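**Q** Before anything else, here's the structure in question.
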Amino acid sequence: MMEESGKSDDQLDEWSVEGINGHPYQHQVLVMPVPSRQSSMFHSFFRMLHKARSRAQRRRVYAWLLASSALVLMVIYTQQAAVVTFQESLPQVDNTVVVKQEMPAAAPKAVNLNPNADIENYDNQEDLLPDLAPPIVHFIWCGRRKFEFRHFLSIKRADNLIKPDKIFFHYQDLPEIDNEHYYTWFNQTRSENDHVLLKKLNMTSCPQHGAERYLLVLSILEYFGGIYVPEDAILVDFPVHLRAAEFMSGVVVKSLTEYLDGIIVAKKNGFISPSSQTGLNVVLAKGRPMAQGTINPCGTIDVYNEQGDGDIICVKVAEEIFPSDIWDTRSNFATLSRLAGYGVQDVQPKVNQKMAIPNIGHYICWDCEMKFSTYISILSALNVAGLSKVYVHGIKPPSGMWWKKLQSTQRVFHVYREYPERSHDRATMTQELAQGITRVSILLKYGGVFCDTRVIWTNTIPEELFGYDAVASPDWMLYGSWPDSVSHTTIMSKKNSDYLFKLRNLHSHRHNERFWFVDQFLAYKIIEHNPEVLRLDRHFQVKCLNQNCHPTWFPGYKADLNENPPGPAFVWQNDTLSVHWDVFPDLELDTVKYTSGPVVEAARRALHKSGISIQELNIS
């Protein structure tokens, strides 16, 4: 080994090992210098190279240099690629607006998606793209007419899909409300959306169809910009990139007098509004450039049901529909309507068999002598419907022989309950309202099955009904345009059910109105707005007035109360669970003994199921 003078300990380290013949070998190990913070990289490198005297030591220096250089280059390359990728992801701002050529599959987002599909698929950052048409939706209301459920769906769907800043409701005359107060959909629309703004049209006429209609539409769009949606059309989809076009139209000129309705998207002052039908046709044609892709006119319900995920961007609802028309129907349009109205694909009454309705019955008898008809009703509840116990609520226990007979069963009990009062207005507490308030209070507190004293059960209550939150039947009374109503003469419910809470609030806020209207018809509005809270079972009960029965599962079952025509024949033993017998005079023992008819046969059946013969009743 070659000796070196003046070597420092931080540069060379000497160590020896015994060789094969015992001769010591002295090795010199190069220790890499640690550059001070003040020295430069190049100075450090040349120092190391200078100190590396042997070829092997120099090779180590060159290898270290090569590896370090490769590492630095790799880091630089990776950072540069990341910067390029980030820059490419930024939106490119350009004065020229380019509309994407591909159009959305239109049916789309309504069929075969999860309930929150519209929310999950919405990317609010797309709204931040530059130079879009204003987020304003325009509805134009012409004529003196009622605002129906289809119009409610149209606005609600547009609001959910487009998420506009404003919804302009242009009108000459506001929607009418019928005398029976069913058509309140416009009030609900305004209560749900604080950005629905009324815009009075300053014009002598307001056309609903034809060229004049779209001349009006284009004049509004030129001034405001935004999106025009026909008031009777439900959007299937609305991708944000449609707002990037200066003017895009789904309206097609079919003839000189007929135009196929569709949506129109325009920027403010993005086109010149025409003043004639010829100019209108030219502008509408320019709004359908093939190079940018086109949007089709609104399809019909039948076409949408057939095509499903076709090129339909909106569905025109030409005729009136009601919420009950879309609850159980299995079609593309029904699914779209449920998404528009309720935000879900399916609307079904809530069911939970693990938390069932209590198998107990409730009657109300404030201070009464129990009648034979009530005796039969309670027997049928226990031994035909299959309830385990019955509680009679009132200020005092009932009196009379029929009450004593029920007490002997040891399954019927009296529960003390105060007569309801109102602190602010006692005059409004009619007997009907008191009965309705108490009925709701009992079921909210205990749950179970409430029965009117004129109800006779004809069959056992199926176990599946006990899993619903609440169950009732429709009523048969015809009243204006109301599509249905609710009967509470028999209702079963879990305690603290949503339906009963809403019904209690309804009676509290509308106590000055006619009780039957609130209890039957306004209660039906609860179901229209929240169809999941109650199962409306048409075979739960048949109501009979003056011996004319009205089964509600037949078409055209509604009838005028004053006329009360006989309803279709039905088999009481199989078709219904109960019958509400509202006749004068009340059902008496002699009636059951000596006459015949459905209600008499039902009473005899209740006695037979209870193990009681008419002869035993004679002795009493």
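**Q** Determine the shape class of segment 155-265: with a ≥ b ≥ c the square roots of the Cα gyration tensor eigenvalues, call it rounded for a/c under 1.5, and otherwise prolate if a/b is greater than b/c, oblate otherwise.
**A** Values: a/c = 1.69, a/b = 1.21, b/c = 1.39.
Since a/c reaches 1.5 but b/c is at least a/b, the shape of segment 155-265 is classed as oblate.
**Q** What residues qualify as long-range amide H neighbours of residue 389, i.e. H under 5 Å apart, gap of 5 or more or another chain, H built at 1.01 Å from N?
**A** Answer set, sorted by chain and number: 361.
**Q** Figure the gain on full extension for residue 60 and residue 319 (residue separation times 0.36 nm, minus the Cα-Cα span) and round it to one decimal in nm. Spell out each step's value before the answer.
**A** On the way: separation 259, 0.36 × 259 = 93.24 nm, distance 8.85 nm.
Extra length available between residue 60 and residue 319 comes to 84.4 nm.
**Q** Report the FRET efficiency, 1/(1 + (r/R0)^6), for residue 173 and residue 260, where r is their Cβ-Cβ distance and R0 is 35 Å, rounded to 0.05.
**A** Numbers: r = 26 Å, r/R0 = 0.75.
It comes to 0.85.
**Q** Further question: Please give the charge dipole size of segment 369-417, origin at the Cα centre, charges +1 on K and R Cβ atoms and -1 on D and E Cβ atoms. Round to the nearest 20 debye. Don't skip to the answer; put the middle values down first.
**A** Working: 7 positive and 1 negative charges, 18 e Å.
My answer is approximately 80 debye.
**Q** For residue 549, which sequence-distant residues (separation of 5 or more, or a different chain) have an amide H within less than 5 Å of its own amide H, given hydrogens modelled in the peptide plane?
**A** 567
**Q** Sticking to Cα atoms, compute the Rg of segment 457-612 to one decimal and its Dmax as the biggest Cα-Cα distance, whole number, in Å.
**A** 16.5, 48
**Q** Out of the trypsin sites (Lys or Arg not before Pro) in segment 321-365, which ones are loop residues according to DSSP with at most 15 other C-beta atoms within 10 Å? Display every interim value, and only then the final one.
**A** On the way: sites: 330, 338, 350, 354; in loops: 330, 350, 354.
Sparse-neighbourhood loop trypsin sites (Lys or Arg not before Pro): 330, 354.
**Q** log₁₀ I(q)/I(0) of segment 375-481 at q = 0.24 Å⁻¹, via Debye over equal Cα point scatterers, no solvent, to two decimals?
**A** For the requested q values the scattering log ratios are -1.46.
**Q** In what sequence, largest accessible area first, do 335, 430 appear using a 1.4 Å probe? Don't jump to the answer; show the numbers that get you there.
**A** Numbers: 335 20, 430 65 Å².
I get 430, 335, largest accessible area first.
**Q** Once you put a point 7 Å from the Cα of residue 509 and another 7 Å from the Cα of residue 69, both along the Cβ direction, what distance in nm separates them?
**A** 8.1 nm
**Q** Quick one: 3J(HN,Hα) in Hz for segment 255-267, Karplus 6.51/-1.76/1.60 with θ = phi - 60°, rounded, Gly and Pro as x.
**A** 7, 5, 10, 10, 10, 7, 5, x, 7, 9, 10, 8, 7
**Q** As a quick test, which of the pairs 156/525; 166/502; 267/316; 146/316; 163/268; 404/445 have an alpha carbon distance above 20 angstrom in this structure?
**A** On the way: 156/525 18 Å; 166/502 31 Å; 267/316 24 Å; 146/316 17 Å; 163/268 18 Å; 404/445 27 Å.
In this structure, 166/502; 267/316; 404/445 lie more than 20 Å apart at Cα.
**Q** If you take the square roots of the eigenvalues of the alpha-carbon gyration tensor of segment 347-432 and sort them as a ≥ b ≥ c, do you get rounded (a/c under 1.5), prolate (a/b over b/c) or oblate? Provide the component values of the computation, followed by the final result.
**A** Details: a/c = 2.30, a/b = 1.06, b/c = 2.17.
Here segment 347-432 falls in the oblate category.
**Q** Can I ask one more? Please say if segment 135-180 is rounded, prolate or oblate, where rounded means a/c under 1.5 for a ≥ b ≥ c the square roots of the C-alpha gyration tensor eigenvalues, and otherwise the choice is prolate for a/b larger than b/c and oblate otherwise?
**A** Details: a/c = 3.30, a/b = 1.70, b/c = 1.94.
Taking the square roots of the gyration eigenvalues as a ≥ b ≥ c, segment 135-180 is oblate.
The values are calculated or read from the model by the stated rules, or taken from the named source; none is laboratory data. As the structure is a prediction and not an experimental result, all values here were calculated from the model. Positions of Cβ are backbone-derived with ideal geometry, glycine not excepted, and every protein chain shown enters the neighbour counts. Just so you know, the surface numbers come from the protein's heavy atoms only, side chains and all, with ligands and any DNA or RNA stripped out. Shrake-Rupley method; radii C 1.70, N 1.55, O 1.52, S 1.80 Å.
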